[in-house]
Structure formats: C-alpha cells, structure tokens
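The values are calculated or read from the model by the stated rules, or taken from the named source; none is laboratory data. On a predicted model such as this, the values are computed, not experimentally measured, just so you know. Heads up, the Cβs are rebuilt from the backbone with ideal geometry, glycines too, and the neighbour counts pull from every protein chain shown.
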Amino acid sequence: MRAYFLALLLLLNIPSYAAADSANEQAKDFVTQLFQDFQEIYNPTEANPKQALLDYYQQHFDHELIARFVLGGYGRRASEQQRTRFSELLPQFILAQISPQIGPYFAEDSASNNITVLAVQPMKKQHMMVQTAYKGAKSIEINVRLRPINNTLKVLDVQVAGISMLLAQRDLIASMIKQNSGDLDAFLEQLAQKV
C-alpha cells in the first residue's frame with residue numbers, strides 16, 4: 001500500500017517537473033534570442049541604431065515595472081504628468097547607461113555565439129534568473145532576470161559581472177533627484193538634457 005501511495009505521488013509530480021523544464025527551456029531560448037537581437041543592432045548596416053535600441057527595449061523589457069522600481073519612493077509624490085514624463089525619458093537614459101557596458105561584447109562578428117546559457121534559477125514571484133557566460137576577448141557573466149507576463153517573458157534586470165543594472169539605475173536616479181533638492185520638475189529637466 002505504501003509503495004502504491006509513493007508511486008501515485010511521483011505520478012502527480014511529473015506534470016510539475018515537466019512544466020518547470022518547459023519554463024526553463026523557454027527562458028533559455030528567450031535569452032539566446034535576446035542576445036542575437038541585440039547583436040543585430042550593432043550590425044554596420046543598421047541605419048538607425050538608436051531607434052533600434054529603443055524598439056528593442058520596448059519589445060523585450062518590462063518597462064512599467066522597471067520605471068516604478070527605478071523611481072522608487074519618489075513616485076508616490078510625483079504627479080501623473082511627472083510620472084508620464086519620467087516613463088518617456090527612462091528608456092533612453094537606461095540605454096545610454098547600459099549599452100556602452102554591454103555593447104562591446106556584441107560588436108564583433110558572431111559575438112552572440114560566444115554566449116553560453118549556463119543555468120536557470122527560479123526566484124520569487126515566478127521570476128527567473130538566466131545565468132550566462134560570455135567567452136571572447138574578455139570573459140564575463142551576463143545574467144538576465146525575467147518575469148513572465150501573459151505567456152511571454154520580459155526582462156526586469158541585466159547583471160553584468162555581478163552588478164545589477166536595475167539597482168545601479170535606481171541609485172543614479174535617486175542621486176540626481178537629491179542633487180535637485182527633491183524638485184522633480186528640475187530633475188526631469190536634467191534627465192531630458194542627459195538623454
């Protein structure tokens with residue numbers, strides 16, 4: 001009887017293991033494609049790389065959640081107009097900060113082929129961290145945090161050599177707001193000048 005009960009438990013758990021494997025494969029495929037698409041932007045024939053980067057961000061990143069997180073507690077006292085303006089400026093600002101750090105790894109021919117997906121680590125709220133290693137002129141870990149939304153995946157964070165780009169952007173934005181004595185309009189003007 002006990003053996004029958006254990007066998008039944010194992011059978012009931014098979015779908016959950018299969019679902020986890022399927023989610024892991026989906027995450028690996030997503031990140032592989034993410035890197036291939038990013039490399040395409042650095043193709044010399046790309047007519048408008050800046051617009052291509054913005055389109056890439058809009059397509060692959062969870063902008064709404066990123067904007068809320070990066071603005072942090074300041075978002076609670078921001079007006080709707082200020083939040084909208086911040087949301088418009090943020091993608092350009094993020095890409096201006098991140099692209100120079102990641103771009104060199106994708107500028108060479110077949111660079112995306114030098115990236116190996118190592119593992120997928122489950123996290124809270126069904127988030128996943130896809131761990132990758134870049135092997136080329138320089139070796140580095142580039143890990144991508146993903147969030148499932150409506151049967152698709154979106155990027156929440158990119159970690160380069162252990163440094164979270166999301167946290168770095170939040171710290172930088174908070175520093176800029178403090179430089180403007182907490183005046184969000186002055187901060188947004190400064191942000192607009194930077195992008």
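Gln169 meets each of the listed conditions (1) in a helix (DSSP H, G or I); (2) at pLDDT 95 or above; (3) not hydrophobic (A, V, I, L, M, F, W, C) apart from (2).
Yes/no per residue for (1) surrounded by 13 or more Cβ atoms within 10 Å (Cβ to Cβ); (2) farther than 24 Å from Met128 by Cβ; (3) touching a residue at least 60 places away in the same chain (Cβ under 8 Å):
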position	(1), (2), (3)
His63	yes, no, no
Gln82	yes, yes, yes
Phe86	yes, yes, yes
Leu89	yes, yes, yes
Phe93	yes, yes, yes
Ile98	yes, no, yes
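Looking only at residues in the range 70-89 that are among the hydroxyl-bearing types (Ser, Thr, Tyr) and more than 19 Å from Leu167 (Cα to Cα), the one that is nearest to the chain's Cα centre (by Cα) is Thr84.
Suppose we filter Ala137, Ala47, Ala119, Ala133 for residues that are modelled with pLDDT of 90 or more, surrounded by fewer than 18 Cβ atoms within 10 Å (Cβ to Cβ) and not in a helix (DSSP H, G or I); which single one remains?
Details: Ala137 fails: modelled with pLDDT of 90 or more; Ala47 fails: modelled with pLDDT of 90 or more; Ala133 fails: modelled with pLDDT of 90 or more.
It is Ala119.
Among the residues of the range 172-183, are any of a type outside the set (Lys, Arg), farther than 19 Å from Ile98 by Cβ, buried (at least 18 other Cβ atoms within 10 Å of the Cβ) and touching a residue at least 12 places away in the same chain (Cβ under 8 Å)? Checking the range 172-183: at least one residue is of a type outside the set (Lys, Arg), farther than 19 Å from Ile98 by Cβ, buried (at least 18 other Cβ atoms within 10 Å of the Cβ) and touching a residue at least 12 places away in the same chain (Cβ under 8 Å).
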